[in-house]
Every structure is written in structure tokens, then in C-alpha cells.
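Structure, as C-alpha cells:
The values are calculated or read from the model by the stated rules, or taken from the named source; none is laboratory data. Just so it is clear, the structure is predicted and the values come from calculations on it, not from any experiment. Virtual Cβ from ideal backbone geometry, glycine too; neighbours counted across all protein chains shown. In case anyone asks, the SASA skips ligands and DNA or RNA and just uses the protein heavy atoms, side chains included. Shrake-Rupley method; radii C 1.70, N 1.55, O 1.52, S 1.80 Å.
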Amino acid sequence: MTNQEFIESFRKYQKKGNWWCDFHPLAKLVFCLSLGFMSMIVFKWQVGLGIFLLASVIAVFTPVTKKYFTTLGIMFLLGCVLTVGVRIYVHLGDPGPVAFYLFGKPVPIAAIISCLDLIFMIEGFLGIFMMFFLTTEMRDLCYCLEQIGLSSTATFMVLSTFACIGSIKEKLNTVRESQRARGIETEGNLVVKVKSVLPVLFPVIIGSMTGIEDKTLAMSARAFATPGKHSALRKIEPARPLEKVIAGGALVCCIAGIVLFKMWL
Amino acid sequence: MSVCIEFENVSYAYPLTKKAAVKQVSFQLETGKCYGIIGPNASGKTTICNLMRGLCPNFYNGTLKGKVIVCGKPMTEWDEAEISVRIGYVFQDPFAQVSGIKETVFEEIGMGLENLGVEQEEMMRRIVEIAKEVQVDHLLQKHPLALSGGQCQRVAFASVLALNSDIIVIDEPTSQLDPEGTEDVFEIISRLKAKGKTVIIAEHKVDLLAEYCDEMLVMADGRLLAKGETRAVLADPALEENGVQIPQVVQLANALAKAGKPLGAIPVNEKETMELLEQWRGGRDDGAGSK
Ligand SMILES: Nc1ncnc2c1ncn2[C@@H]1O[C@H](COP(=O)(O)OP(=O)(O)OP(=O)(O)O)[C@@H](O)[C@H]1O
Ligand SMILES: [Mg+2]
């Protein structure tokens, strides 16, 4: 991209060229929050599974498909092993219809269903939130939040925190590289990797936190304290009617679902 | 001419330190002039800059005695938001000045303007203009955290210039720059002066300071050793006695004066030195009666 093109690009709305990535951040947030909370509050495997499937279908149509499924896959396995193990152990030998026998003791159907409820509640919740964070730029979300009245100090803090996490990651990588240069093993499985950065983890985190004081100064030199609304260089397209409808629909769905499942079922 | 910054018997100590970083300093700076602050390491240059901008004691805490007056108003009455626009401050460490939340240099330079609520069109125009002036236009698309020291310093400079402050305080703007980059920065500074801005620079590169600054403030061990018109200050023998580095051309002039063969004036750059030397040699040749 030439400089001229780059500068011109700020005149237009910022776009990624993918319908879900370009979905208005606030509408997307409402959509995902609604579904996520519905999954959590209703706590039924049918609902959780439904939301999880919806998130997965969306994921297929975005550029983050692979990342989404690997992360969720790992969580699914971890979730299964943990929740299934614990739940079945707890309910082992409970009365009620029996699904199968484990070590000679009956495993009731209710225990299996309760496992499924927990697993899919988590999967639905995590799925929809990961979908949100993988496809939304924090700065765009913050911009939209600022538009509806969140203070610029608050958005700056959010953005700095995320930037801070990024810088910690980067510094740890640097450390790993310098350790490799000194002949310390850093490649290999997770244990080796963790071992190689563990001794410097705390200093790096503390170091990143003290950097915040410098940031305060840097911000003060940029007239950050100026009262009144800040303007923005990046422009985000206002939410389109369809996006508002989808977000509103999800919210209604969430409330209806909670009422339905909690009150009558 | 009007006074824009005034120090009245200012002493300041950072918190948890017994020794004052700046001791009983009094001076007045006039609007539209370019001032250089020189002195050895830890002599208090940065502290003087911090005091002018109100960061000492507002940000660093510590104890301040005396009065700092900016544009006729005591520092204590200035609002942080107002002073940050009135006085642009480029810090000594360029990396500490990157906001960390912008993904391109273009947006980084624009950040101050966003904070002021400048309209997008106007903002873009100003960023492009300043990027050209500071010669970072080829970096606009780069990530601000992926810059070299010199590039970062220029971007930091540009980010502050974007605010278009009347007074600009610059703490070692060229510490990371090569000789060419240093000359560029001083070119920009002379253009700022031409626009009527008051510029205050703390620097170690005395040779260039001497050439561009109207007046000099010399710091030594927290005290103001001398202040005044550049040539007069540099000729002061107290400077060398206190370990303050002075330009080579001035050293030459001083040495000649000491040897009883004065140059006639104190030069501040090579061109002047050559001319003075030319005259000086002419005078001596005539005196000796040769040729
Ligand atoms: N944040 C601080 N906290 C405590 N003491 C400080 C702080 N900053 C500077 N000092 C002390 O104040 C004195 C003056 O420091 P200052 O930074 O003003 O010197 P300087 O002339 O800018 O030096 P340099 O040429 O190295 O930049 C030094 O003795 C220093 O140790
Ligand atoms: Mg300094």
C-alpha cells in the first residue's frame, strides 16, 4: 500500500472485508453477551449446544476458523475430562434410571445429563465469547463505547491493558530467544517452554506494570487531560438496521429463553 | 519583549532525596527566542524542563521552593489540560513517549489531535504536514513500537509538534540521532523559531546549540552557572572550570585569547571561525610586516 492509499483509507470506514469481522462492534457485543449469558443462566445442554453450534457456524465463515476450533477443541477435551469425571463420581450410585454400570456401580441418566448441561453451558459461553474476541478489534469496540458516552480514560485503560498483555508476550519471547542464545533449551513441549520463561515471568510482568507510569507522562504530553469529547482518526460505520435487528433479536431471545426455561420448565 | 517563563528563586528536590536537584534558580525567558540548556550529566537540565512543564512537583511530587510562572500565571494556578497544550514537551527517552495503543505512526502522531477533538480532515492534513517536516513520512504505516531509536525520537517529536504549542521544551532531542539527523532536528527548531515559537532545548551537543540558540542557560550541580546571550556565556571562563563542555570553536577562541592573541569575537560556527581566523591572520601578518 502506498502512503497516499494508506492515508486515503482513513477517509472511508474501516473494513476487514468479512461480514462478521465488520459487524458493528457494539451490536456484536450485545449479540454475544445475550447468547453467552443465556447459555450460562439457562444451564441446559440443548441451549448450550445450540449456541455453541451457532458460534461454530459463524466461525466457519470467518478467517479465524482454525484458531477458534483448536482453542475450543482443547477446552472441550479439558472440560469433558474434568466435568465428566467429577460429576459421574459425585452421582455414582444415585437412585433413578440407570444409564450404565461403572466398576459395578450404577451411573444414573440424570448424572449424564447434568454433565452435558455443564459441558455445553461452558462451550456455548466460551464459544460465543471467543468468537467475539477473535473477530473484534479492541480499539474499534472502545471507539464505539466512547461514542455512547464511556470516558476516554476508561477506554484508554482497557486498550493499555490489552497492549500490556501483548508486550508481556513479546518480552517473554525475547527472553526465550536470549536464553536459546545462551544454550538453554527452549524448544519442545509445553513443560520445556514454561520452564524456560518461568524464572523471568515475574520481573517481566512487574516491568510492564512500571511502564504504566511512563505512559501517564506520555499521555499528559499529548493533551490527554483536555476536557470535552475526543475525536477519532479511524471511522467505524454506524450499525446498520440489520445488525441492530440481529442484536436486538438475540437480546429478546435471551430474555425469552431465560424466562421460559427458568419459570415454566 | 514579553516574558513567557519565569523562575523565582526555585529550588526543588525529588522525593526521598536529600540533595536538591535544582538550587535557587532564577531566570526569565522571553517569548519567541530559542534557549539552550547545557551542563554535565546530572546537573539538573531535565529537572529544569520538568519544572517548566509543571511535572515537578505535580507528577513527581517532591518539594518545591520558589515560584515558576508561565505566561504571567503561577504554575500552581495552571490547569493540567491547559498547560499540556500551551507547553509541548518532548521527553529525553523517546520510547517512553509512545502511547502503546496505536498501531501505526500515522495514528500515533494524530493521537494528541484526537485528544483535542480536532476534526478528521484537519487532523489528517496536520499529520501529513508534520510528518513531512520531521521526515517520518516514510514511516507512517509502521508500528510505533517497531521503530529504531532515531525513528522513535522523530516520531515523538512529531507527536508533540502536532499540538502546535506556543512553547516547546525539548529534552535531548538528538540523543539517538546520527549527525545528519541531528542537523535535521536543528533545522526544524530554527523553523519553529521563525514561526514565533519559544523553544527550549536541553542538549549535550553544544556545538550545534551555540549555532542555533539565541541564549544559553548553563547548569552545574543544580545551580544556574550563567545565563545570557550565547557568545557572552560561552566566553565565560567559569564554564570550563566547572566541567561544562563548550564548543570546539569557542575553545579555540578562548585559547587564543589566553595566549594574548584574541580573535576579536567569539565564533559559534565553522563559517564564523574561518572568517575570524582569516581576519586574525591578516592582522597578524600586517603586524609582522611580512610580504
Ligand atoms: N525521578 C527522579 N527521582 C529522584 N531523583 C532524580 C530523578 N530524576 C533525576 N534525579 C536526580 O536529580 C539530579 C538532576 O538530574 P537531571 O535528570 O535533571 O540531570 P540532567 O542534567 O538532565 O542529566 P543528563 O544529562 O544525564 O540528562 C540528579 O542528581 C538525579 O540523580
Ligand atoms: Mg536529562
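For the range A:34-49, the set of residues classified as on the phi < 0 side of the Ramachandran plot and open to solvent by 60 Å² or more (accessible area, probe 1.4 Å) consists of A:Phe37, A:Met40, A:Ile41, A:Lys44, A:Trp45, A:Gln46, listed by residue number. Restricting attention to the range A:232-252, which residues are open to solvent by 40 Å² or more (accessible area, probe 1.4 Å), within 30 Å of B:Glu108 (Cα to Cα) and of a type in the set (Lys, Arg)? Listed by number, the residues that qualify are A:Lys235, A:Arg240.
Residue count for the range B:103-120 under the criterion of being open to solvent by 20 Å² or more (accessible area, probe 1.4 Å) and over 21 Å from A:Pro227 (Cα atoms): the result is 1. Considered as a group, the residues in the range B:19-40 that are more than 15 Å from the chain's Cα centre (by Cα) and near ligand 1 (Cβ under 8 Å from one of its atoms) include one that is farthest from the other protein chains (Cβ to nearest Cβ), and that residue is B:Lys19.
Of all residues in the range A:1-41, those satisfying the criterion of being polar (S, T, N, Q) and either within 14 Å of chain B (Cβ to nearest Cβ) or part of a loop (DSSP other than H, G, I, E, B) (or both) are A:Thr2, A:Asn3, A:Gln4, A:Ser9, A:Gln14, A:Asn18. Residue count for the range B:213-226 under the criterion of being outside any strand (DSSP E or B), open to solvent by 40 Å² or more (accessible area, probe 1.4 Å) and more than 12 Å from ligand 1 (Cβ to nearest atom): the result is 1. Of all the criteria given as (1) among the hydrophobic types (A, V, I, L, M, F, W, C); (2) within 16 Å of ligand 1 (Cβ to nearest atom); (3) open to solvent by 40 Å² or more (accessible area, probe 1.4 Å); (4) in a helix (DSSP H, G or I), the one not satisfied by B:Leu16 is (4).
Among the residues of the range B:96-119, some residue qualifies, meaning at least one is under 30 Å from B:Lys23 (Cα atoms) and facing another protein chain (nearest Cβ under 9 Å).
Residue-level check: of (1) buried (at least 19 other Cβ atoms within 10 Å of the Cβ); (2) within 18 Å of A:Val42 (Cβ to Cβ); (3) under 17 Å from the mean Cα position of the chain (by Cα), A:Leu72 misses just (2). For the range B:40-50, a tally of residues being more than 9 Å from ligand 2 (Cβ to nearest atom) and open to solvent by 10 Å² or more (accessible area, probe 1.4 Å) returns 1. Just one of the listed residues (B:Gln92, B:Gln97) is closer than 20 Å to B:Leu192 by Cα and within 22 Å of the chain's Cα centre (by Cα), and it is B:Gln92. Taking every residue in the range B:148-174 that is among the hydroxyl-bearing types (Ser, Thr, Tyr) and pairing it with any residue that is open to solvent by 10 Å² or more (accessible area, probe 1.4 Å), at least 6 positions away or on another chain, the pairs with Cβ-Cβ distances below 7 Å are B:Ser165/B:Val85; B:Ser165/B:Arg86; B:Thr174/B:Lys205.
This table checks each residue for (1) within 14 Å of chain A (Cβ to nearest Cβ); (2) within 15 Å of ligand 2 (Cβ to nearest atom).
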| residue | (1), (2) |
| --- | --- |
| B:Gly149 | no, no |
| B:Val155 | yes, no |
| B:Asn164 | yes, no |
| B:Ile170 | yes, yes |
| B:Pro173 | yes, yes |
| B:Gln176 | no, yes |
| B:Ile188 | no, no |
| B:Arg191 | no, no |
| B:Lys197 | no, no |
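If only residues of the range B:1-13 that are of a type in the set (Val, Ile, Thr) and over 14 Å from B:Gly222 (Cα atoms) are counted, the one that is least open to solvent (accessible area, probe 1.4 Å) is B:Ile5. Only one entry in B:Phe95, B:Phe91 is surrounded by 20 or more Cβ atoms within 10 Å (Cβ to Cβ) and either touching a residue at least 24 places away in the same chain (Cβ under 8 Å) or within 12 Å of ligand 1 (Cβ to nearest atom) (or both), namely B:Phe91. Answer yes or no: is there a residue in the range B:199-206 that is within 22 Å of B:Phe7 (Cβ to Cβ), open to solvent by 80 Å² or more (accessible area, probe 1.4 Å) and more than 16 Å from ligand 2 (Cβ to nearest atom). No, there is no match, as no residue in the range B:199-206 is within 22 Å of B:Phe7 (Cβ to Cβ), open to solvent by 80 Å² or more (accessible area, probe 1.4 Å) and more than 16 Å from ligand 2 (Cβ to nearest atom). Note on the range A:103-117: residues that are open to solvent by less than 60 Å² (accessible area, probe 1.4 Å) and either in a strand (DSSP E or B) or without any contact (Cβ under 8 Å) to a residue 40 or more places away in the chain (or both) total 7.
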